[in-house]
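Here is the structure we will look at, set down as structure tokens.
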Amino acid sequence: MFICDVRQIDDLDEGETATPEPDMGYELRTIDGSRFETGTVASIVRRGDAIFARTTAGEEFAVTGSASHVLVPLSF
């Protein structure tokens with residue numbers, strides 16, 4: 001499954017991942033639009049009622065819920 005196919009939490013099963021589409025990438029920004037260096041998004045994964053983005057730097061950030069981060073599409 002690709003990240004673009006995920007519209008809501010229930011689109012992924014518990015522990016299921018989705019990856020960027022071919023020739024696409026994603027970066028993360030804070031909710032106020034600030035950029036920060038964490039690499040690009042390698043995949044997203046569902047854990048309970050939340051989805052987390054795993055970055056190429058090995059970090060994870062929530063992309064659902066309060067104080068979550070925003071996935072920003074990048075064209076390669």
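Annotations
- Taken as a whole, the condition of being of a type in the set (Ser, Thr, Tyr), under 10 Å from the mean Cα position of the chain (by Cα) and part of a loop (DSSP other than H, G, I, E, B) does not apply to Thr38.
- Residue check, Pro73 surrounded by fewer than 14 Cβ atoms within 10 Å (Cβ to Cβ) and in a strand (DSSP E or B): yes
- Which listed residue, of Ile3, Ile51, is at pLDDT 95 or above, surrounded by 13 or more Cβ atoms within 10 Å (Cβ to Cβ) and under 14 Å from Ser68 (Cα atoms): Ile51
- Odd one out for Asp32, checked against (1) exposed (fewer than 14 other Cβ atoms within 10 Å of the Cβ); (2) at pLDDT 90 or above: (2)
- Restricting the stretch 35-54 to residues that are of a type outside the set (A, V, I, L, M) and touching a strand residue (DSSP E or B) at 6+ places or on another chain (Cβ under 6 Å), the residue that is farthest from Phe2 (Cα to Cα): Arg35
The values are calculated or read from the model by the stated rules, or taken from the named source; none is laboratory data. Every value quoted in this text rests on a predicted model; they were computed, and no experiment measured them. Please note: Cβ atoms are built from the backbone with ideal geometry, for glycine as well, and neighbour counts cover all protein chains shown.
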